[in-house]
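The values are calculated or read from the model by the stated rules, or taken from the named source; none is laboratory data. Treat the numbers as computed from the prediction; the structure is a model and nothing was measured. All Cβ positions, glycine included, derive from the backbone under ideal geometry; neighbour counts span all protein chains shown.
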Amino acid sequence: MNHVIIGAGPAGVVAAETLRKLVPEANVTLVGDEQEPPYSRMALPYYLVQQIAESGTYLRKSSDHFSRLNIDVRQDKVASINRKQQQVMLSSGGAVPYDKLLIATGSRPVSPRIPGMDLPGIYACWTLEDARNIAARSKPGAKVLLMGAGFIGCIILEALAKSGADLTVVEMEDRMVPRMMNDTAGGLIKAWCEEQGVHVHTSTKVTAIEKNGGSFSVTLNTGSTITADLIVSATGVHPNVDLLAGTGVETDDGILVNRNMQTNDPNIFAAGDVAQGRDFSTGEYSVQAIQPTAAEHAQLAARNMAGIVGAVHRGSVNMNVLDTLGLISSSFGLWMGAKDGQTSELLNRDRYRYLNLQFADDVLVGATSLGLTQHVGVLRGLIQSKTRLGVWKERLLEDPTRIMEAYLGSTQALGFNARIL
């Protein structure tokens, strides 16, 4: 049996390792189009601030990890997929036959259509090569412009700020991390960053970029101009589905899969950022470009590729945890609220503490927290288990900090006072 995986990111690596455990006798081939060993993009910011070396970004630290597992790692680009002959065609020539194929090609950065975006010196911080270039230029005192303050942008933001650069952030939405945080939480993160010396412009767009000697002149829609030595773009990503054009494998925003992570071709599966998988909270199918979801997809896909019955995807919980210059924020599930649901909220603006709970009936369906870390696991657990809170729902509406008591009380344990603000 030949199992082939396209994409050597977290989803591809987890799938390959899972397949090796489940079907020791099978051939497992992992194809990645970068020349480095499989690495984590989420580790790149730590490389930027020299907390780790390049090798620290590698998903597996031992140089012989894959060879010991008898996983054939090919550093090559896939040119096309031949469904009829069940072959993966490589750009270097030749083909890799498959019985089961997993597409785990992830996402690619999307640049806004702005005059000057193609100038040299503008990087996306998406590959190790990007990170090398940014690290070489984000020196103490350097003027750096970061375009985008979403989840990925804020991870990069911390690394750039810690480099000692004079950092300016431009975000087109009205708050930071708009797809993870509501107005209150996003506004608090902005205030926190500004307190740490970062210049943040929300509800602002870059309209043009020009090269001015050795630096950039950046025009904003407000009419003002920013000078920058380095520009980092974090303005969004898009699933890498182009490889499937003309194959007949169905795509939408991402690759359409069923609850077995299987496409409309029974021999082709998808996992990670490229897959349009089931959302636990809504039951709908969407792209969730986060590493925990990628790993979950990969394990399920591998189990189904190996023919294990009952490996059904219940859906991934929308989960984001972010450290922004020491301020921890998190959001889970339907953090924006459910239709006809109720909300409990507590805010301590001076201490950057915030807790927001979202309910549907007496079930916690979403949560947002800022500056609070003690009960992140409890929030996720209550949402994922769909625990009925009973009388604790009303108590949490009055005081959301009693979340640990509610967890213990609703699971028939003894309660205790666990105030967290």
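Check V241, V218, V287 and return the single one that is in contact (Cβ under 8 Å) with a residue 24 or more places away in the chain, hydrophobic (A, V, I, L, M, F, W, C) and in contact with an Asp or Glu (Cβ under 6 Å, 6 or more places away or on another chain). Spell out the reasoning first.
Working: V241 fails: in contact with an Asp or Glu (Cβ under 6 Å, 6 or more places away or on another chain); V218 fails: in contact with an Asp or Glu (Cβ under 6 Å, 6 or more places away or on another chain).
V287 is the lone residue from the list that is in contact (Cβ under 8 Å) with a residue 24 or more places away in the chain, hydrophobic (A, V, I, L, M, F, W, C) and in contact with an Asp or Glu (Cβ under 6 Å, 6 or more places away or on another chain).
Are any residues in region 259-285 closer than 18 Å to P239 by Cα, assigned to a loop (DSSP other than H, G, I, E, B) and of a type in the set (S, T, Y), and if so, which ones?
Of everything in region 259-285, just one residue is closer than 18 Å to P239 by Cα, assigned to a loop (DSSP other than H, G, I, E, B) and of a type in the set (S, T, Y), namely T263.
Only one of these conditions is not met by D76: (1) within 20 Å of H297 (Cα to Cα); (2) modelled with pLDDT of 95 or more. Which number is it?
Unmet condition: (1).
Would you mind listing the helices (runs of 4 or more DSSP H) fully within region 106-215 where at least 1 residues are in contact (Cβ under 8 Å) with a residue 24 or more places away in the chain and over 16 Å from D323 (Cβ atoms)?
128-137, 183-195
Within region 31-52, count every residue that is closer than 22 Å to M89 by Cβ, buried (at least 22 other Cβ atoms within 10 Å of the Cβ) and of a type outside the set (G, A, S). Can you show your working first?
Keep residues of region 31-52 that are closer than 22 Å to M89 by Cβ, which gives 31-35, 38.
Cutting the leftovers down to buried (at least 22 other Cβ atoms within 10 Å of the Cβ) gives us 31-32, 38.
From the residues that got through so far, the ones that are of a type outside the set (G, A, S) too are 31, 38.
Looking only at that region, the number is 2.
Please tell me if R349 is modelled with pLDDT of 95 or more, more than 28 Å from T105 (Cβ to Cβ) and among the basic types (K, R).
yes
What number of residues in region 392-414 are among the hydrophobic types (A, V, I, L, M, F, W, C) and in contact (Cβ under 8 Å) with a residue 12 or more places away in the chain?
6
Residues of region 94-105 being buried (at least 20 other Cβ atoms within 10 Å of the Cβ) and outside any strand (DSSP E or B), which ones?
Listed by number, the residues that qualify are Y98, A104, T105.
So how many residues does region 110-133 have that are among the charged types (D, E, K, R) and over 22 Å from A159 (Cα atoms)?
Step one: list which residues in region 110-133 are among the charged types (D, E, K, R), which gives 113, 118, 129-130, 132.
Then keep just the ones that are over 22 Å from A159 (Cα atoms); that gives 113, 118.
Residues that pass the stated criteria total 2.
Considering only residues of region 305-336 that are under 12 Å from L364 (Cβ atoms) and over 15 Å from the mean Cα position of the chain (by Cα), which is surrounded by the most Cβ atoms within 10 Å (Cβ to Cβ)?
Residue satisfying both the conditions and the ranking: W335.
With the requirement that a residue be under 13 Å from G333 (Cβ atoms) and free of Cβ contacts under 8 Å to residues at least 40 places away in the same chain, what does region 365-377 give you?
The answer is A367, and nothing else.
Among the residues of region 351-370, write down those that are on the phi > 0 side of the Ramachandran plot and among the hydroxyl-bearing types (S, T, Y).
Hit for region 351-370 is Y352, nothing else.
Return the residues of region 233-262 that are among the β-branched types (V, I, T) and either surrounded by 23 or more Cβ atoms within 10 Å (Cβ to Cβ) or within 30 Å of N133 (Cβ to Cβ) (or both); say none if nothing qualifies.
Result: T235, V237, V241, I255, V257.
Of the residues E345, E284, which single one is acidic (D, E), assigned by TED's automatic domain parsing to the domain that holds G7 and out of contact with any Ser or Thr (no Cβ under 7 Å at 6 or more places or on another chain)?
E284
Restricting region 286-326 to residues that are in contact with a Leu (Cβ under 9 Å, 6 or more places away or on another chain) and assigned to a helix (DSSP H, G or I), which is farthest from L157 (Cα to Cα)?
Going through the qualifying residues, I end up with M305.
Among the residues in region 263-281, are any hydroxyl-bearing (S, T, Y) and modelled with pLDDT under 95?
The answer is yes, given that some residue of region 263-281 is hydroxyl-bearing (S, T, Y) and modelled with pLDDT under 95.
Within region 11-30, can you find the residues that are buried (at least 22 other Cβ atoms within 10 Å of the Cβ) and either small (G, A, S) or within 23 Å of A124 (Cα to Cα) (or both)?
Within region 11-30, A11, G12, A15, A16 qualify.
Quick one: which of S80, S163, S91 is under 22 Å from S40 (Cα atoms) and either assigned by TED's automatic domain parsing to the domain that holds G32 or surrounded by 19 or more Cβ atoms within 10 Å (Cβ to Cβ) (or both)? Full working, then the answer.
Working: S80 fails: under 22 Å from S40 (Cα atoms); S91 fails: under 22 Å from S40 (Cα atoms).
The conditions single out S163.
Are any residues in region 385-421 loosely packed, with under 15 Cβ neighbours inside 10 Å, modelled with pLDDT under 90 and among the aliphatic types (A, V, I, L, M), and if so, which ones?
Those that are loosely packed, with under 15 Cβ neighbours inside 10 Å, modelled with pLDDT under 90 and among the aliphatic types (A, V, I, L, M): A413, L414, L421.
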